[in-house]
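Asks: The structure that follows is given in the form of C-alpha cells.
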Amino acid sequence: MADCVVFMNPVPSKAPQISAFKFLKVINHSFSKATIVSSSLDETQDACVVNVKYKKQSNKILRVLNFLWFQTKVFFKSMSVLKKGDTAFFWIGDKMFSSMLACKLKRVKTHFFLYGDTSLENASKKARNTKKSQDFLAKKADFICAESKSVLLDRGIDISDNTKIIHLYVDDLDSSIKENKIGMLCRLAHGKCVLESIEGFCEFHKSYPQYTLDIVGDGLLYDECKELIKKQNAQDFIKLYGWVLHDELFEFMPEWKLLLFPTKTEGMPNSVLESMSMSVPALCSHVGGLKDLITDKENGYVLKEESPDRICESLCEVFSDEEELKRVSKNAKATINERFTLEKARENFKSQMGF
C-alpha cells in the first residue's frame, strides 16, 4: 500500500482536530502510513503528526509576515514528507498554499475537501477570502471532495470523475431518557440564526411552557444572545452555556428531544450526526449536506425558513404529536446505524478511491 499525507490549517481550537482525527481513522486502514501536517495538533496513534509552529499575531503587518513565514516553513516540511506515489488530502486546508505547491512539484495526487460556503453566513472580508482560497485550491487539486453531493452542487460543482464523496462516522452513543429540552449546538453567528431562534423559542414557550432551550456554543454574538435572553425575560427557560469541551457535550445532548439547527450554509455537520445517534432528531435548514441526510418527518424535520415566526411554527408542529416525534427519533438513530458507522465510512472511502 502507498502512503498518504493530510494537510490541515493551523488548529485554533480542539474542534477542528476532532473531525481531522476522525478522518484519519477512516482512511488509515487503506494506506501503509499516514502523516498529518498542521500546527498545534495533539499526538494520535492513527498518523505521524508533524507540527509546524505558527504564532497568532494581533498586529496586521506582523500577522502577514508570520503567515508568509509559516508558508515557507510548511513548504520545506511538505517537501520532506512527500514522495512520488503518495496520496495527499487537504482537510480544512484552505490556508495550506505552499503544501499544494509541494504536492505539484512531487507529482502527488491531491484531494481538496470543500465544505459549506461560509461567505453565505456573513459578508465579512475574512469569509470572502476563505471562499476565494477554497475555490483556488480546489481548482488546483486533482480531485474535489466533500462529505455530501449537495455540498458540491450548492457550490456550483457538478458530480464527475474528479469529484469524490467521502464522509465521516459517528460512534454508537448513548440515548438516555429524554427531558423536556430542546438543544442548539453551533457557533453563535448570524449565519446560524441564533438570535432568530431565541425569539422563535420565546413565542413557542408561550404555548409549550414545559420546554426549555439549551444553547451550547460561542461566537461573536454571545453577548448579544445574552442580552436578548434577558430582554425577553427568558433566563429561566433559555440557558446559554458558551463553549464546552467535546466530551462534555454528552452531558447535554442525550437529554434533548430535538436539536434546533437553522443555518444559512452547511457541510455534513458532526453535531447533527451525533445528536441523531442519540435518538435526537434535528429541525434544520435544507442546505448543504443536510439535504442528503434529512428526510422531512422521516428521520428529522426540514425548516423551510429561518425567521422567528417560522421557527416557532415548526417547533409547535413537531411537539404537537409526541408519538410522531418518537417515531422520527427512532428513525434518526437508524439512519446513523445504516450509513454512518466507522465500518460504513471505511467501505465508502475505499469505494470512492477505487481501492
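The values are calculated or read from the model by the stated rules, or taken from the named source; none is laboratory data. Owing to the predicted nature of the structure, the values given are computational and were not obtained by experimental measurement. Cβ: placed from backbone, ideal geometry, glycine included. Neighbour counts: every protein chain shown.
Asks: Out of 285, 271, report the one residue that is touching a strand residue (DSSP E or B) at 6+ places or on another chain (Cβ under 9 Å), of a type in the set (Gly, Ala, Ser) and over 24 Å from residue 174 (Cα atoms).
Replies: 285
Asks: Separate question: Name the one entry in 174, 161 that is loosely packed, with under 14 Cβ neighbours inside 10 Å, charged (D, E, K, R), assigned by TED's automatic domain parsing to the domain that holds residue 19 and in a loop (DSSP other than H, G, I, E, B).
Replies: Exactly one residue qualifies, and that residue is 161.
Asks: Checking the condition modelled with pLDDT of 90 or more and farther than 22 Å from residue 317 by Cβ, which residue from 182, 198, 166 passes?
Replies: After ruling out the rest, the residue left standing is 166.
Asks: While we're on this one: Can you run down the residue pairs with Cβ atoms below 9 Å, 6 or more apart or on separate chains, where the first is in region 60-86 and free of Cβ contacts under 8 Å to residues at least 40 places away in the same chain and under 13 Å from residue 5 (Cβ atoms) and the partner is in a loop (DSSP other than H, G, I, E, B) and of a type in the set (D, E, K, R)?
Replies: Close Cβ pairs (under 9 Å, with a partner that is in a loop (DSSP other than H, G, I, E, B) and of a type in the set (D, E, K, R)) amount to 84/107.
Asks: Taking helices (runs of 4 or more DSSP H) that fall entirely within region 244-348, which contain at least 1 residues that are basic (Lys, Arg) and surrounded by 15 or more Cβ atoms within 10 Å (Cβ to Cβ)? Break it down into steps so the answer makes sense when it comes.
Replies: Details: elements: 270-277, 290-293, 308-319, 322-339.
Qualifying helices (runs of 4 or more DSSP H): 290-293, 308-319, 322-339.
Asks: Kindly indicate whether any position in region 23-31 is more than 28 Å from residue 219 (Cβ to Cβ), touching an Asp or Glu at 6+ places or on another chain (Cβ under 9 Å) and part of a loop (DSSP other than H, G, I, E, B).
Replies: Yes: one or more hits.
Asks: Taking region 99-132 as the search range and keeping residues that are modelled with pLDDT of 95 or more and part of a helix (DSSP H, G or I), which one is surrounded by the most Cβ atoms within 10 Å (Cβ to Cβ)?
Replies: Among those residues, the one meeting the criterion is 99.
Asks: Among the residues in region 259-277, are any at pLDDT 95 or above, touching a helix residue (DSSP H, G or I) at 6+ places or on another chain (Cβ under 9 Å) and more than 23 Å from residue 15 (Cα to Cα)?
Replies: Scanning region 259-277 turns up no residue that is at pLDDT 95 or above, touching a helix residue (DSSP H, G or I) at 6+ places or on another chain (Cβ under 9 Å) and more than 23 Å from residue 15 (Cα to Cα).
Asks: Quick check: anything in region 128-145 free of Cβ contacts under 8 Å to residues at least 60 places away in the same chain and more than 23 Å from the chain's Cα centre (by Cα)?
Replies: Among the residues of region 128-145, at least one is free of Cβ contacts under 8 Å to residues at least 60 places away in the same chain and more than 23 Å from the chain's Cα centre (by Cα), which makes the answer yes.
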